[in-house]
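For reference, the structure is listed below as structure tokens.
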Amino acid sequence: MKRSLVYLMAWVGCLCCFTNCQQVIKSQAALYKWVHNADNGLIKKKTVGQVKLSMKYLPPELLVSKELRGKYKNRKVVDSLLAQYKNGRTFLLNLTLSSEGDKASVQDILYKDANSYSAYKQRAMEMNFNMAQYIRLKAGNKVMKPVIANMENTYSLTKGRNIYLVFSGDEASKRALKKAKKLDITFTDQLFETGIHHFVFNTNDLDNIPQVSYLHK
């Protein structure tokens with residue numbers, strides 16, 4: 001009886017793996033949905049006071065989708081871009097205000113506790129040009145800073161800000177990013193003084209993206 005139960009559990013496990021492997025993402029919208037599903041392990045969130053923080057992994061397929069803007073006519077171009085993005089790891093740090101409080105629902109996070117234009121300008125400069133100094137990634141025994149840490153420009157009213165983070169570098173860094181079982185991204189928040197934050201990702205989750213079929217149509 002016990003042996004039969006063990007066989008049954010193993011069969012169910014294999015069936016789940018087979019089903020996941022057979023899953024195909026057929027549109028950019030479906031890929032976005034996959035990435036934003038917390039159960040898939042590609043996004044980590046936390047809230048400290050009024051500040052909401054999230055760290056999201058951007059898979060190469062999604063980066064190619066955004067760069068080509070839906071125009072996937074040349075297979076060689078798509079494959080070249082995929083190979084380029086697979087040389088590193090790209091994440092998106094989002095900082096925004098929670099909906100709690102009267103002002104939080106309308107206030108741009110850049111203005112939070114900024115009592116003068118000078119303070120606002122300094123914060124904007126830091127988030128535009130100096131975010132790399134506040135962020136580190138640990139992959140195994142190797143600690144690295146982002147080679148790119150750029151804030152996304154927004155031209156409409158928004159409560160939050162996005163910072164694109166790219167980790168790559170020399171061959172040792174690339175190997176560490178691929179071989180480490182976990183990637184621990186540390187954000188030391190000296191901008192809004194919410195403390196030190198760790199966003200830990202399993203590399204198996206990052207590499208477990210279903211087949212993306214629409215890129216090669």
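Please work out the Cα center distance from region 53-73 to region 130-150, rounded to the nearest Å.
Distance between centres, Cα-based: 21 Å.
At 1.4 Å probe size, with the rest of the protein present, what percent of the exposed accessible area of region 80-217 is carbon and sulfur atoms?
Using a 1.4 Å probe with all protein chains present, region 80-217 comes out at 47 percent carbon and sulfur.
Please sort 48-59, 113-124 by packing, taking for each peptide the average over its residues of neighbouring beta carbons within 10 angstrom, highest first.
48-59, 113-124
Checking the a/c ratio against 1.5 first, then a/b against b/c, what shape does the Cα gyration tensor give for region 92-211?
It is prolate, given that a/c is not under 1.5 and a/b is the larger ratio.
The values are calculated or read from the model by the stated rules, or taken from the named source; none is laboratory data. Remember, predicted model here, so these are calculated numbers, not experimental data. Glycine gets a Cβ as well: all are built from the backbone with ideal geometry, and neighbour counts include every protein chain shown. These area figures cover heavy atoms from the full protein model, side chains too; ligands, DNA and RNA do not enter into them. Shrake-Rupley method; radii C 1.70, N 1.55, O 1.52, S 1.80 Å.
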